[in-house]
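The values are calculated or read from the model by the stated rules, or taken from the named source; none is laboratory data. Just so we're clear, the structure is a prediction, and the values are computed from it rather than from any experiment. Cβ atoms come from the backbone with ideal geometry, glycine included; neighbour counts cover every protein chain shown.
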Amino acid sequence: MQISVSDKEVFAPTQHTNLLVALNQETIDLHYHELVEGGFLLFDVVSNLDTSKVSNNVHIFPIPLAKLAESNGGSPLMSNTVALGATIGILGGDIAHLKNLLSEEFAKKGEEVTQQNHAAALAGYDYARDHFAQFTTSTLKPKEEHSPLMVVNGNQAAALGAVAAGLQFAAIYPMTPTSNILHTLAPLQKEYGFIYKQPEDELAAINMALGASFAGARSLVATSGGGFCLMSEGYGLAGLAELPVVIIEGMRGAPATGIPTWTEQGDLRFVLHAHQGDFPRIVLAAGDAKEAFDLTMQAFNLADIYQTPVLILVDKHICENDQSYELFDYSGYEVDRGKFTTEKIENYQRFALSSDGISLRSTPGTGNHLLANSDEHDPYGYSNEEIENRNQQMQKRMKKLETCAQNHMPAPQLFGPDKADVTIVSWGSNKGSILQAIEQFDNVNFLHLTWVNPFPTQAVRERLQKAKYLINVECNYTAQMGGLIKERTGIEILDNYLKYDGRPIYPEEIIEKVNKVLGR
């Protein structure tokens, strides 16, 4: 676990470490080279860990972690709590804040365990302040005035975005990295009036969600690439039956089980082409937890308005990265059910032809006769394979993407100066590292893409045509977004910075790449 603390907004993890807490030898061996000059290494002196590889410019703090834990009524397992207390002491923090957090963490384990951890934390704090006073900093000194902040990850943000959007039904089978969406939602059912159903697998999840959608509920499923493989049949059914559903797909290392606890951005092409044939699918991609919140809310409206599946791509780094934000504001959000009625309509046609591709939607129990199955159908829903009907229904459905692009798709966001020597193009969690990196340059800008389908072709083409030099940044092997950009705009980005080892792209890597392009 890496924690970044700053009086400025932090967008990304880094390759350097100021303070390393090592509870075993492996931690030192893997991370000693990250320690900066003047940095700190904290470890248990009793463990006799080998620090010979550590630079002489690093301050070493040997602390009897396990002994302090035991002498204060705890067990050696509380060494980490002692280390946290020592860290708070070295960085000039308030031990009361740590004790409050420990009380929250161990509330279910009882007062005795909580007090043991309080004592362990205080022991580490006092030891560090007594033995290393000359090295203490004011890094964690609280600001006198600050706006309220919350710490949230992408999973929690997406779950809360769904609740804010009026979620009525969710069916989620647990799969890394999106499992915490269901853990966040499940306890909130009663308070916010929705149903969370634990399905037996991903096939059941999406079919339950489609059933709920058919009945008129705002429905959600969440999974990873492997689970979405199983959902792809239901994905196409939603497209043909024109059923709104929101799907959150958390990308991780693939194919097969791949590297399930690491991140990747290799599912872009998959979600654009999953299931056979053509049908309108709206695909969005979040770049951080705030975007996961906003796009999830937007996705529910888009799904209802265009009566089609809306898929939100996130990656593991977004899903499980905690970040501080000002409280999310959704006061301006309004639920839009689109062309939807619960009134009885004479001669009701569920799939009536329309100029915008959207028919009037109704639900069972309204008195309107409607059918929905997996066959091509006429305006009433009856199976029909005639040429004219097929052409009309296909054109009607696909028209939705054109209407969506005209009415709801924003231009991609540009960060940095309008004119630049280097333009970086990227999507997903790379956003944070790129934003952190371009703070070092006054001649570099960044085009951040959140809409994948429909694609903002004209806006992207115009921006890229202005660029002097283009770099495409992605966490996959084949530059999937770069290929999509070429397909839609005709512009081929020749310089691709690609990473597929499961680790996030770091700001230092972007800085090094840009400096090389600039000849520095």
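A few remarks follow.
- Number of the exception - Pro76 against (1) in contact (Cβ under 8 Å) with a residue 12 or more places away in the chain; (2) within 36 Å of the chain's Cα centre (by Cα): (1)
- Inspection of the range 250-262 finds no residue satisfying the criterion of being closer than 25 Å to Gly166 by Cβ, part of a loop (DSSP other than H, G, I, E, B) and modelled with pLDDT of 95 or more.
- If you go through the range 461-490 and pick out every residue that is surrounded by fewer than 17 Cβ atoms within 10 Å (Cβ to Cβ) and either part of a loop (DSSP other than H, G, I, E, B) or aliphatic (A, V, I, L, M) (or both), you end up with 5.
- Single condition Ser433 does not satisfy, out of (1) part of a helix (DSSP H, G or I); (2) closer than 27 Å to Cys404 by Cβ; (3) touching a residue at least 40 places away in the same chain (Cβ under 8 Å); (4) not acidic (Asp, Glu): (2)
- Residues in the range 116-128 include at least one that is surrounded by fewer than 18 Cβ atoms within 10 Å (Cβ to Cβ), modelled with pLDDT of 95 or more and either of a type in the set (Val, Ile, Thr) or part of a helix (DSSP H, G or I) (or both).
- In the set (1) buried (at least 24 other Cβ atoms within 10 Å of the Cβ); (2) part of a loop (DSSP other than H, G, I, E, B), the condition left unmet by Ala299 is number (2).
- Subset tally (residues that are of a type in the set (S, T, N, Q), assigned to a helix (DSSP H, G or I) and touching a residue at least 24 places away in the same chain (Cβ under 8 Å)) for the range 171-214: 5
- Within the range 294-307, the set of residues being of a type outside the set (Gly, Ala, Ser), closer than 21 Å to Ala217 by Cβ and touching a helix residue (DSSP H, G or I) at 6+ places or on another chain (Cβ under 9 Å) comprises Leu295, Thr296, Met297, Gln298, Phe300, Leu302, Ile305, Tyr306, Gln307.
- Of all residues in the range 396-413 being outside any helix (DSSP H, G or I) and of a type in the set (A, V, I, L, M, F, W, C), the one that is surrounded by the most Cβ atoms within 10 Å (Cβ to Cβ): Met409
- Residue selection: Gly266 fails the criterion of being outside any loop (DSSP other than H, G, I, E, B) and either more than 14 Å from the chain's Cα centre (by Cα) or in contact (Cβ under 8 Å) with a residue 12 or more places away in the chain (or both).
- Just one of (1) hydroxyl-bearing (Ser, Thr, Tyr); (2) in contact with a His (Cβ under 6 Å, 6 or more places away or on another chain); (3) farther than 14 Å from Ala12 by Cα fails for Ser429. It is (3).
- Residues in the range 8-25 that are hydrophobic (A, V, I, L, M, F, W, C) and part of a loop (DSSP other than H, G, I, E, B) were compared, and the one that is farthest from Gly154 (Cα to Cα) is Leu23.
- Single residue of Ile358, Ile424 found to be buried (at least 21 other Cβ atoms within 10 Å of the Cβ), in contact (Cβ under 8 Å) with a residue 24 or more places away in the chain, in a loop (DSSP other than H, G, I, E, B) and in contact with a Gly (Cβ under 9 Å, 6 or more places away or on another chain): Ile358
- Test: Asn389 is modelled with pLDDT of 95 or more and either farther than 21 Å from Asn301 by Cβ or of a type in the set (Phe, Trp, Tyr) (or both): yes
The rows are residues; the columns are (1) in contact with a Phe, Trp or Tyr (Cβ under 6 Å, 6 or more places away or on another chain); (2) buried (at least 21 other Cβ atoms within 10 Å of the Cβ); (3) under 30 Å from Asp267 (Cα atoms).
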position: Gly110; (1), (2), (3): no, no, no
position: Leu140; (1), (2), (3): no, no, no
position: Ala158; (1), (2), (3): no, yes, yes
position: Leu210; (1), (2), (3): no, yes, yes
position: Phe214; (1), (2), (3): no, no, yes
position: Ala217; (1), (2), (3): yes, no, yes
position: Ser224; (1), (2), (3): no, yes, yes
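- Residue under evaluation Tyr497, criteria (1) within 28 Å of Ala299 (Cα to Cα); (2) not in a helix (DSSP H, G or I), criterion not met: (1)
- Test result for Ile63, crowded, with 17+ Cβ neighbours inside 10 Å and either of a type in the set (Ser, Thr, Tyr) or without any contact (Cβ under 8 Å) to a residue 60 or more places away in the chain (or both): no
- Only one of Val283, Val314, Val310 that is in a strand (DSSP E or B) and surrounded by fewer than 23 Cβ atoms within 10 Å (Cβ to Cβ): Val283
- Taking (1) surrounded by fewer than 20 Cβ atoms within 10 Å (Cβ to Cβ); (2) on the phi > 0 side of the Ramachandran plot; (3) touching a strand residue (DSSP E or B) at 6+ places or on another chain (Cβ under 8 Å) in turn, Leu272 satisfies each apart from (2).
- A Cβ distance below 7 Å, combined with a sequence gap of six or more or placement on separate chains, defines the contacts here; from the range 377-392, residues that are assigned to a helix (DSSP H, G or I) reach residues that are at pLDDT 95 or above and of a type outside the set (Gly, Ala, Ser) in the pairs Asn389/Asp378; Arg390/Glu376; Gln392/Leu353.
- For Tyr348, the test of being in contact with a His (Cβ under 7 Å, 6 or more places away or on another chain), in a loop (DSSP other than H, G, I, E, B) and not acidic (Asp, Glu) is passed.
- Checking Tyr333, Tyr325 one by one, the residue that is within 23 Å of Ala165 (Cβ to Cβ), in a strand (DSSP E or B) and among the aromatic types (Phe, Trp, Tyr) is Tyr325 and no other.
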